[in-house]
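The values are calculated or read from the model by the stated rules, or taken from the named source; none is laboratory data. Not measured: the values here are computed from a predicted model. Positions of Cβ are generated from backbone atoms using ideal geometry, with glycine treated the same way; all protein chains shown enter the neighbour counts. What goes into the accessible areas is simple: the full protein's heavy atoms, side chains included, and nothing from ligands, DNA or RNA. Shrake-Rupley method; radii C 1.70, N 1.55, O 1.52, S 1.80 Å.
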Amino acid sequence: MSTHNKAELSLFSEILLSILLTASLAIYLFKANDTFPWLAFIGVPIGLAVIVACWEQKKNSWALLITGLVLNTLVWSVVFNWTSFF
């Protein structure tokens, strides 16, 4: 497998991992609580993104994972809090 293919698969898996992490956390919090704890939900992926960003200085670049965590957090927070907005 060429290095280009490995790089593309790495980017794809970073995005997929960020979607799966935030979606599974959001679904768990939605099912486990009466009201959706959006502050706790926002705190976990943002904290994980900060940890990975600090760890990134020493290891590989994980820019898509960090961006995906932040964007998916915002999307899932709006999706599961849609009834409280209106």
- Which label belongs to the value computed from this structure, given these candidates for Cα extents along the principal axes in Å: (1) 36, 27, 23; (2) 49, 25, 21; (3) 107, 37, 14? (2)
- Where segment 1-56 is the region considered: accessible area per residue in Å², 1.4 Å probe: 70 Å²
- Relative contact order computed over the chain (Cα-Cα under 8 Å; 6+ residues apart), in percent: 40 percent
- Note on the structure: Measuring from its Cα centre, the chain shows a charge dipole (+1 at each Lys and Arg Cβ, -1 at each Asp and Glu Cβ) which, in debye to the nearest 20, is 140 debye
- With all protein chains present, the chain has a carbon and sulfur share of its accessible area (1.4 Å probe) in percent of 71 percent
- Item | Furthest towards positive pole of dipole, Ser18, Phe30, Phe80, structure part the chain, Cβ charges | Ser18
